[in-house]
1. Would you confirm whether or not the range 286-297 contains a residue that is within 17 Å of N127 (Cα to Cα) and away from ligand 1 (no atom under 16 Å from the Cβ)?
2. Scan the range 214-223 and tell me whether some residue there is within 16 Å of ligand 1 (Cβ to nearest atom), within 27 Å of C69 (Cβ to Cβ) and free of Cβ contacts under 8 Å to residues at least 24 places away in the same chain.
3. Among the candidates I287, I307, I269, I341, single out the residue that is buried (at least 17 other Cβ atoms within 10 Å of the Cβ) and in contact with a Lys or Arg (Cβ under 7 Å, 6 or more places away or on another chain).
4. Does the range 315-338 contain at least one residue that is within 23 Å of the chain's Cα centre (by Cα) and either polar (S, T, N, Q) or assigned to a loop (DSSP other than H, G, I, E, B) (or both)?
5. So which of D336, D282 is surrounded by fewer than 22 Cβ atoms within 10 Å (Cβ to Cβ), within 16 Å of ligand 2 (Cβ to nearest atom) and under 28 Å from P352 (Cβ atoms)?
6. If R126 passes every condition in (1) more than 20 Å from the chain's Cα centre (by Cα); (2) surrounded by fewer than 20 Cβ atoms within 10 Å (Cβ to Cβ) but one, which one does it miss?
7. So if I check each of A134, A145, which one is assigned to a helix (DSSP H, G or I), within 14 Å of ligand 1 (Cβ to nearest atom), closer than 26 Å to N230 by Cβ and not hydroxyl-bearing (S, T, Y)?
8. Are there any pairs with C-beta distances below 6 angstrom linking a residue in the range 268-287 that is among the hydroxyl-bearing types (S, T, Y) to a residue that is within 16 Å of ligand 1 (Cβ to nearest atom), with the two at least 6 apart or on different chains, and if so which?
Amino acid sequence: MGRHALGVPPKKRMQKKFADALSLLYSVFSITKTTHFTTMSCCNASTTRPDLHDLSKRINPEEKRLVNCKQVDVNQLMPLKYQWAWEYYIKGCANHWMPNEVPMQSDIELWKSNRLTTQERHVIMRNLGFFSTAESLVGNNIVLAIFKHITNPEARQYLLRQAFEEAIHTHTFQYIVESLSLDQREVFNMYHEVNSIHDKDAFEMTLTSAIMEEGFSTETTEGLQTFLKNLVGFYVIMEGVFFYSGFVMLLSFKRQNKMIGVGQQFEYIMRDESIHLNFGIDLINGIRSENPEAWTPQLEQEVREMIKKAVELEVAYAEDCMPRGILGLNATLFRDYVQYIADRRFDRLNMPLEYGSKNPFPWMSEVTDLSKEQNFFERKVTEYQKAASLEW
Ligand SMILES: [Fe+2]
Ligand SMILES: [Fe+2]
């Protein structure tokens, strides 16, 4: 191709590309050229041209709000107001991992052998089926329902990190399915085809669609209450209740030296999820304290009923995964465990406990208490964020 094969000199082409990129930026942020970056849809809606050297236009971090913020520009991260949100972002980055770094050879050999029982295979398949689509539901809810309505840049910074982690988690199930040569359609269709999985996901999907209805706004009390129920549904219920029977089941295999690659992947997912859960609860409690009129006794009762319903759905899921006991686990233990987990979530939401059940799996805390572990592929010790102080 000659120098001017496109008929336009390189310098002109560069200028055109720049103009095109600027025009795209204008359209994305609803900025008009004549108002010089003042009419962003997400912040101060003044239409007068500002004095570009006016220091009084600098943001006051105290005016930042988690939702419905009109006073400050959501594109300016610093100065921070919500240090906790930034710290969650740093913790998430410090735990970075990729599923295809985990060796799967021993899992492949075991899966192809006759050393796994039919019930054990059933438990593994059910959990791959549930998690493979649940991770996508969570990622899509962040991007489509939550992100737009969070008006604080440090909280958005964490949401961007979390959305990427959910993509990594979905990738994990693609990697496991491919490694074990499983039927992709069977695994990724279980949320349509298996009642106990469908019921959990349907519960979540109605919460996403409520936010996506035309005309939805968090500026009314009713709208903000709907938004809070979405946050409870995804952070407290999906990531804080619906994931936990699966964590116990797959980590139980690893404790018995079975399916250790899959178990390792679940350990990393659980570590990420404990941070998601804690961020979500801090976000909910932060919105509550800034908007006390929204968290009415009636809303609190609705939240309690949502979590109680989730406990029943999760117990039904555990029974479906495990109609007969295996690996020292059985459905009765899962009822106690799910109720115990739900009580911990009520406590973090500053709500009275519901069940008073004891934890039948105290070993689960050890998994999240690891601060260092042998790196699984390069035999070097890797520092991970200590998760002992986190809710799990
Ligand atoms: Fe996830
Ligand atoms: Fe998550």
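1. Taking the range 286-297 first, the residues within 17 Å of N127 (Cα to Cα) are none.
No - not one qualifying residue is present in the range 286-297.
2. Our first condition is that a residue be within 16 Å of ligand 1 (Cβ to nearest atom); within the range 214-223, this holds for none.
Checking the range 214-223: not a single residue is within 16 Å of ligand 1 (Cβ to nearest atom), within 27 Å of C69 (Cβ to Cβ) and free of Cβ contacts under 8 Å to residues at least 24 places away in the same chain.
3. Numbers: I287 fails: in contact with a Lys or Arg (Cβ under 7 Å, 6 or more places away or on another chain); I269 fails: in contact with a Lys or Arg (Cβ under 7 Å, 6 or more places away or on another chain); I341 fails: in contact with a Lys or Arg (Cβ under 7 Å, 6 or more places away or on another chain).
Every option except I307 fails the conditions.
4. Within the range 315-338, none of the residues are within 23 Å of the chain's Cα centre (by Cα) and either polar (S, T, N, Q) or assigned to a loop (DSSP other than H, G, I, E, B) (or both).
5. Details: D336 fails: within 16 Å of ligand 2 (Cβ to nearest atom).
Of D336, D282, the one residue that is surrounded by fewer than 22 Cβ atoms within 10 Å (Cβ to Cβ), within 16 Å of ligand 2 (Cβ to nearest atom) and under 28 Å from P352 (Cβ atoms) is D282.
6. If we test R126 against (1) more than 20 Å from the chain's Cα centre (by Cα); (2) surrounded by fewer than 20 Cβ atoms within 10 Å (Cβ to Cβ), just (2) comes out false.
7. Details: A145 fails: within 14 Å of ligand 1 (Cβ to nearest atom).
Residue meeting the stated conditions: A134.
8. Y268/W97; S274/T368; S274/A387; S274/L390; S274/W392
The values are calculated or read from the model by the stated rules, or taken from the named source; none is laboratory data. Everything numeric here is computed off the predicted structure, so don't read it as measured data. In this analysis, Cβ positions are derived from the backbone assuming ideal geometry, glycine residues included, and neighbour counts consider all displayed protein chains.
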